[in-house]
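Notes follow the structure.
What follows is calculated from the coordinates using simple rules that are stated; it is not laboratory data. These numbers were taken from a predicted model, which means no experiment stands behind them. As a convention, Cβ positions derive from the backbone with ideal geometry for all residues, glycine included, and neighbour counts pool all protein chains shown.
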């Protein structure tokens, strides 16, 4: 992938704080990490795009992972945010498992390939159990970033 | 073992709703099904993944008008491949309107025959 992990997933967009218990609120919670990192110029627009995608079909992809995502001009550059839920969130995933590792991808409109490319690269890396374990074990945003930086090709 | 090359018709590619229909269909069949990207956009490896895993299918990054190879093993292989090919060959039916969320209409609620005036 042609993205620098520090740029795509800066530590400011990673939290180890427990997210809200509801999926909808967690989607907003992750968006706010990107907002606080000054990459969002239209929060409402971005949030609506995420919800719209979620209404189409869930982004819970199983194995304890959810990847809500959207293309929206509400963001200024391709951005990923991450949180980890100890409690587990009901994402209505097909394997009926709660989501513990949640990634949110926001990409400006127009670069449709970017969007799919980030999603598939991330999914590919998350298929490896050792990567998921690494994300569960990491004790800091830097640790999370390092695991993903290594795993994403 | 049965194999088939199928072109992905839906605009979204093997992603979003077409992907979840694909995975659901794979799960409904009692055989082992794998899927690989053929005209790989991002993924150079072309390694088949479990078709019943949403994570696996998402990892392929298959776009509109690209092809996939379906590989099935087991008794229902041909049926499964037929059903999966159908999902991949069906363009998404229009915008689903403004109705709140899942408005998969139940088709024509059949009127009882005897009730005609």
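The table that follows gives values for the structure above.
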{"read-out": "A:115, A:69 arranged by Cβ crowding within 10 Å, fewest neighbours leading", "value": "A:115, A:69"}
{"read-out": "Estimated 222 nm signal from helices in the protein assembly as shown, with DSSP H stretches of n ≥ 4 weighted -39500 (n - 2.57), rounded to 500", "value": "-11000 deg cm²/dmol"}
{"read-out": "P(r) tail fraction, the stretch B:2-93 - alpha-carbon pairs more than 16 Å apart, %", "value": "44 percent"}
{"read-out": "Footprinting exposure proxy for B:69, A:63 (fewest neighbouring C-beta atoms within 10 Å first)", "value": "B:69, A:63"}
{"read-out": "Fluctuation leader among A:46, A:99, A:12 - chain A, Gaussian network, Cα springs under 10 angstrom", "value": "A:12"}
{"read-out": "Whole-number D in µm²/s for the protein assembly as shown (Stokes-Einstein; Kirkwood sum over Cα pairs; 10 °C, 1.306 mPa s)", "value": "82 µm²/s"}
{"read-out": "Most mobile of A:32, A:90, A:113 in a GNM of chain A (Cα contacts under 10 Å)", "value": "A:113"}
{"read-out": "Per-residue mean of C-beta atoms belonging to partner chains within 10 Å, peptide A:55-66", "value": "5"}
{"read-out": "Chain A: C-alpha gyration tensor shape, a/c 1.5 cut-off, then a/b vs b/c", "value": "rounded"}
{"read-out": "Cα centroid of the stretch B:52-92 to Cα centroid of the stretch A:40-105, whole Å", "value": "24 Å"}
{"read-out": "Whether the stretch A:80-153 is rounded, prolate or oblate, judged on the alpha carbon gyration tensor where a/c under 1.5 counts as rounded", "value": "oblate"}
